[in-house]
Amino acid sequence: MFHRLTDSVLASPQISIADLSEAKALGVSLVINNRPEGETSDQVPGSEIEAAARALGMDYVAIPVTHAGFSGPQVEAMATALKSTAGKVLAYCRSGTRSTLLWALAQAQAGADLDAVAAQAADAGYDVTPVRPLMDMLKARSG
């Protein structure tokens, strides 16, 4: 269920409370929720995921991404969250795609090799093509 983007970043479709124990066993120290609350009637509320994650000793941050797209503040929040922990990160949304795309944008902003980022996403089963122009722009701005 968890898709490995890097040695320290995992992306996932919607997680359950039970999935947090597996994440903890894998060394996850930060859970990032990229779903807006109430997106679907069957999703586990972020507050419940947060409480369970914190009870297991993991940090939690919500950076909701709607289908309207990505914003600069969301990319910045993701970059900050990724830098905030020495442990592994589990980012989730409905399918894992928005989490992966937001991760890719944060990597581009940091000046990462975009072909390598795209390959890592592809290896995990995700396609960054929809945000590649934005990745190119963020990479160019990174200097």
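None of the figures in this text is laboratory data; all of them are computed from the coordinates on show. Everything numeric here is computed off the predicted structure, so don't read it as measured data.
Phi angles of region 64-77 translate, via the Karplus equation with coefficients 6.51, -1.76, 1.60 and θ = phi - 60°, into HN-Hα couplings of x, 10, 8, 6, 6, x, 10, 10, x, x, 5, 4, 5, 5 Hz per residue; Gly and Pro are given as x. Rounded to whole numbers, the Karplus 3J(HN,Hα) couplings from phi for region 109-120 are 4, 7, x, 5, 5, 5, 5, 5, 4, 4, 5, 4 Hz, using 6.51 cos²θ - 1.76 cosθ + 1.60 with θ = phi - 60°, and x at Gly and Pro. Here's the list of lysines a cross-link from residue 139 could span, going by alpha-carbon distance under 19 Å and ignoring same-chain residues fewer than 8 apart: 83.
Ellipsoid semi-axes for region 3-141, based on the Cα gyration tensor and the rule √(5λ), read 24, 16, 13 Å when sorted largest first.
Its Cα gyration tensor gives region 1-53 an equivalent ellipsoid; the semi-axes, largest first and in whole Å, are 19, 12, 9. Antiparallel beta bridges, as assigned by DSSP with both residues in region 3-141, represent about 15 percent of the total such bridges. Take every pair of alpha-carbon atoms less than 8 Å apart whose residues are at least six positions apart; their mean separation over the length of region 100-140 yields a relative contact order of 54 percent. Inter-part distance, region 1-61 to region 106-126, computed on C-alpha centroids, equals 21 Å. Taking amide hydrogens as placed 1.01 Å from N in the peptide plane, the amide H of residue 95 sits under 5 Å from those of 14, each at least 5 positions away in sequence or on another chain. Potential lengthening of the chain between residue 115 and residue 40 amounts to 23.7 nm, from the contour at 0.36 nm per residue minus the alpha-carbon distance. For the chain, the relative contact order works out to 30 percent when only alpha carbon pairs closer than 8 Å and six or more residues apart are counted.
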